[in-house]
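Below you'll find the structure, written out as structure tokens, and then a few comments.
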Amino acid sequence: TSLQVNASADASYATHSDGKSNTGFCLWLGDSFNLIMAKSGKQRTVANSSTVAELIALSAAMEEVLWLVELLKDMGISQDTVEIQQDNKSTITLAEKGPSGEGRTKWLSVKYFWVEEHIDNGTVKLKYVPSLDMVSDGLTKPLGRDAFFKWRAKILNSVRPGLNGD
């Protein structure tokens, strides 16, 4: 069994009554989705776009990814580049290239751009995954019945009858 770290980060934009967004992310080991962490929570700041909300979620997931990579390294388990799934292409571009010197992204805090440093040095890479296939999507918003059962089966790493709404 591979002990390679993988992650998925998602956000639901401005879902709270105070305009704040919700973050959800998952970390797992290996290709068979051995879930080791799932987190969902209200973001501390108001994001002015869905892209920024996703960047905040990505930054939160990165903190946990880097901690886990270091823990495994201390245990003698090296890691390849960690793949983090993301369903917002604008966020991927922003994280990989950084904010522009003008326009809507100029004001963004460098706090969120330490992600770019880890992309540049090869610690992590971002992978686009559509929302319907994002395991962290179920941690950011209510899902319909069918979507919930599909998400639950994935997060529990189980497709046994009775767990999928059968």
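Residues in segment 17-44 that are over 16 Å from Val82 (Cβ atoms), modelled with pLDDT of 90 or more and either open to solvent by 60 Å² or more (accessible area, probe 1.4 Å) or charged (D, E, K, R) (or both): Ser17, Asp18, Lys20, Lys39, Ser40, Lys42, Arg44. The set of residues from segment 45-63 being more than 10 Å from the chain's Cα centre (by Cα) and within 22 Å of Asp80 (Cβ to Cβ) comprises just one member, Glu63.
Out of the residues in segment 17-48 that are in a loop (DSSP other than H, G, I, E, B) and among the polar types (S, T, N, Q), state the one that is nearest to Gln79 (Cα to Cα). It comes out as Ser32. Leu66: more than 16 Å from Val115 (Cβ to Cβ), in contact (Cβ under 8 Å) with a residue 12 or more places away in the chain and within 17 Å of the chain's Cα centre (by Cα), yes or no? Considered against the rule, which asks whether it is more than 16 Å from Val115 (Cβ to Cβ), in contact (Cβ under 8 Å) with a residue 12 or more places away in the chain and within 17 Å of the chain's Cα centre (by Cα), Leu66 comes out as no. Is it true that some residue in segment 52-68 is surrounded by fewer than 16 Cβ atoms within 10 Å (Cβ to Cβ), out of contact with any Lys or Arg (no Cβ under 7 Å at 6 or more places or on another chain) and small (Gly, Ala, Ser)? No, segment 52-68 contains no residue that is surrounded by fewer than 16 Cβ atoms within 10 Å (Cβ to Cβ), out of contact with any Lys or Arg (no Cβ under 7 Å at 6 or more places or on another chain) and small (Gly, Ala, Ser).
Residue by residue, here is whether (1) at pLDDT 85 or above; (2) open to solvent by less than 80 Å² (accessible area, probe 1.4 Å); (3) assigned to a helix (DSSP H, G or I) holds:
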{"position": "Lys125", "(1), (2), (3)": "yes, no, no"}
{"position": "Leu132", "(1), (2), (3)": "no, no, yes"}
{"position": "Ser136", "(1), (2), (3)": "yes, yes, yes"}
{"position": "Leu143", "(1), (2), (3)": "yes, yes, no"}
{"position": "Asp146", "(1), (2), (3)": "yes, no, yes"}
{"position": "Lys150", "(1), (2), (3)": "yes, no, yes"}
{"position": "Asn157", "(1), (2), (3)": "no, no, no"}
{"position": "Arg160", "(1), (2), (3)": "no, no, no"}
{"position": "Asn164", "(1), (2), (3)": "no, yes, no"}
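Scanning for something free of Cβ contacts under 8 Å to residues at least 12 places away in the same chain and either touching a strand residue (DSSP E or B) at 6+ places or on another chain (Cβ under 6 Å) or not aromatic (Phe, Trp, Tyr) (or both), does segment 5-16 turn up at least one residue? No: segment 5-16 contains no residue that is free of Cβ contacts under 8 Å to residues at least 12 places away in the same chain and either touching a strand residue (DSSP E or B) at 6+ places or on another chain (Cβ under 6 Å) or not aromatic (Phe, Trp, Tyr) (or both).
Taken across segment 72-94, residues that are modelled with pLDDT under 85 and either open to solvent by 60 Å² or more (accessible area, probe 1.4 Å) or of a type in the set (Phe, Trp, Tyr) (or both) do not occur at all.
The values are calculated or read from the model by the stated rules, or taken from the named source; none is laboratory data. Model, not experiment: these values are computed from the prediction. When we count neighbours, we look across all protein chains shown, and the Cβ atoms used for this are built from the backbone with ideal geometry, even at glycine. Only protein heavy atoms, including side chains, enter the accessible area calculation; ligands, DNA and RNA are left aside. Shrake-Rupley method; radii C 1.70, N 1.55, O 1.52, S 1.80 Å.
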